[in-house]
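The structure under discussion appears below in the form of structure tokens.
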Amino acid sequence: MAKKSAKKAVKKAAGKPAKKSSKPVKAGKPAKSAKGAGAAKVGVFPVSTGSGATPVQVGKTLVAMFNEGKLREIEDMYWAPDIVSVEGMGVAMEWRGRAAVTEKNHGWLKENRIVSAKAMGPFVGASGFAVHFTMEIEKIADGSKTSMEEVGVYTVRDGKICREEFMYKA
């Protein structure tokens, strides 16, 4: 029902001519709203992830590659240079830039060994996708094993992952 209402609103808005303003708009800057600079526009707007692979394509490939154990290849193929990685509950920190995110991941892999892992999904949205991960992890220091479950939420821009956030069951 909500999808039909949104589609009708987009079609209705698309059929109306744009209102003309007496003030010229400078290229590259958003138009000012009636309430002043910085006020958010209200309404229904299309969402785009830019050019390149779509969230569906990136998500399906990421899941397949993860299930084949190709973690490094995922980084090489899909990480944007300015990727942001956010770790959820218990950590609540973010790493910015490819070098920082690579260091975070490699540091984790120095302390842990993945015994088994499975990715399920992707669950695709307009700007990205989510993947449900289950893993059996062995701590290298003492050999103890634990099960781990998380959801990775990925934002895609121009065919690359520009943000990943990992969420854990409360």
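A short reminder: the numbers here are calculations on the coordinates, not readings from a lab. Treat the numbers as computed from the prediction; the structure is a model and nothing was measured. Heads up, the Cβs are rebuilt from the backbone with ideal geometry, glycines too, and the neighbour counts pull from every protein chain shown.
The set of residues from the range 50-107 being in contact with a Lys or Arg (Cβ under 7 Å, 6 or more places away or on another chain) and among the hydroxyl-bearing types (Ser, Thr, Tyr) comprises TYR78, SER85.
Restricting attention to the range 72-94 and to residues that are without any contact (Cβ under 8 Å) to a residue 60 or more places away in the chain and under 17 Å from the mean Cα position of the chain (by Cα), the residue that is surrounded by the most Cβ atoms within 10 Å (Cβ to Cβ) turns out to be ILE74. Looking only at residues in the range 133-151 that are under 24 Å from the mean Cα position of the chain (by Cα) and surrounded by 16 or more Cβ atoms within 10 Å (Cβ to Cβ), the one that is nearest to ARG163 (Cα to Cα) is VAL151. Beta carbons closer than 6 Å, at least 6 apart along the sequence or on distinct chains, pair a first residue in the range 97-122 that is among the basic types (Lys, Arg) with a second that is surrounded by 12 or more Cβ atoms within 10 Å (Cβ to Cβ) for ARG98/TRP79; ARG98/ILE83; LYS104/TRP95; ARG113/GLU138; ARG113/ILE140; LYS118/THR134. The number of residues in the range 38-66 that are part of a helix (DSSP H, G or I), loosely packed, with under 13 Cβ neighbours inside 10 Å and polar (S, T, N, Q) comes to 0.
Residues in the range 102-118: is at least one charged (D, E, K, R) and either touching a Gly at 6+ places or on another chain (Cβ under 8 Å) or closer than 14 Å to PHE166 by Cβ (or both)?
Yes, some residue in the range 102-118 is charged (D, E, K, R) and either touching a Gly at 6+ places or on another chain (Cβ under 8 Å) or closer than 14 Å to PHE166 by Cβ (or both).
PHE123 fulfils the conditions (1) within 28 Å of SER48 (Cβ to Cβ); (2) surrounded by 15 or more Cβ atoms within 10 Å (Cβ to Cβ) except for a single criterion, (2). Residue count for the range 67-118, restricted to those that are of a type in the set (A, V, I, L, M, F, W, C) and over 23 Å from ASP158 (Cβ atoms): 9.
Being under 30 Å from VAL44 (Cβ atoms), within 16 Å of the chain's Cα centre (by Cα) and of a type in the set (Gly, Ala, Ser) narrows it down to one of GLY125, GLY97, so name that one.
GLY125
Which residue out of ILE114, ILE83 is in a strand (DSSP E or B) and over 30 Å from PHE45 (Cβ atoms)?
Answer to the check: ILE114.
Scan the range 150-170 for residues that are out of contact with any Phe, Trp or Tyr (no Cβ under 7 Å at 6 or more places or on another chain), of a type in the set (Asp, Glu) and assigned to a strand (DSSP E or B) and the total you get is 1.
Only one of the numbered conditions (1) part of a helix (DSSP H, G or I); (2) touching a Ser or Thr at 6+ places or on another chain (Cβ under 7 Å) is not met by ILE137, and that is (1).
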